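Q: This structure is in structure tokens; I'll ask about it shortly.
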Amino acid sequence: MGIGVPEDPATGSAAVALGIFLADRGLVTDDGEHSFVVTQGVEMGRPSTLYAGVRTEGGRAVGSWVGGTVVAVARGSLTPPPEQG
């Protein structure tokens, strides 16, 4: 990008979001834990593998995780708003 920051070969936040996206779109249909592997950075010569997953209950994502050999730069959590009914 020209600002002196090299591209990140592995994006943990995107891997976590992928699990939630899959659950939200109904592509993960069974309740429980669902794991997947994300490979990034191959074309840039910095191959990285992330192990990620999502836990679902009642067809909704209730937890997600990512791991691998990473350097954590932030930590956080999200709380969904209460159901309106």
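The values are calculated or read from the model by the stated rules, or taken from the named source; none is laboratory data. Every value quoted in this text rests on a predicted model; they were computed, and no experiment measured them. Note that each Cβ is placed from the backbone with ideal geometry, even for glycine, and that neighbours are counted across all protein chains shown.
Q: Using beta carbons and a limit of 8 Å, which pairs, at least six apart or on different chains, have the first residue in the stretch 40-53 and within 15 Å of A14 (Cβ to Cβ) and the second one of a type in the set (D, E) and in a strand (DSSP E or B)?
A: Between residues of the stretch 40-53 that are within 15 Å of A14 (Cβ to Cβ) and residues that are of a type in the set (D, E) and in a strand (DSSP E or B), the close pairs are G53/E33.
Q: Taking into account only those residues within the stretch 40-63 that are outside any strand (DSSP E or B) and among the hydrophobic types (A, V, I, L, M, F, W, C), which is modelled with the lowest pLDDT?
A: Among residues in the stretch 40-63 that are outside any strand (DSSP E or B) and among the hydrophobic types (A, V, I, L, M, F, W, C), the one modelled with the lowest pLDDT is M44.
Q: Test S48 against the stated conditions and say whether it is touching a helix residue (DSSP H, G or I) at 6+ places or on another chain (Cβ under 7 Å) and surrounded by 14 or more Cβ atoms within 10 Å (Cβ to Cβ).
A: On the way: touching a helix residue (DSSP H, G or I) at 6+ places or on another chain (Cβ under 7 Å): no; surrounded by 14 or more Cβ atoms within 10 Å (Cβ to Cβ): yes.
For S48, the condition - touching a helix residue (DSSP H, G or I) at 6+ places or on another chain (Cβ under 7 Å) and surrounded by 14 or more Cβ atoms within 10 Å (Cβ to Cβ) - is not met.
Q: Could you identify the single residue in V37, V66, V70 that is surrounded by 10 or more Cβ atoms within 10 Å (Cβ to Cβ), among the β-branched types (V, I, T), modelled with pLDDT under 90 and closer than 17 Å to T11 by Cβ?
A: Residue meeting the stated conditions: V70.
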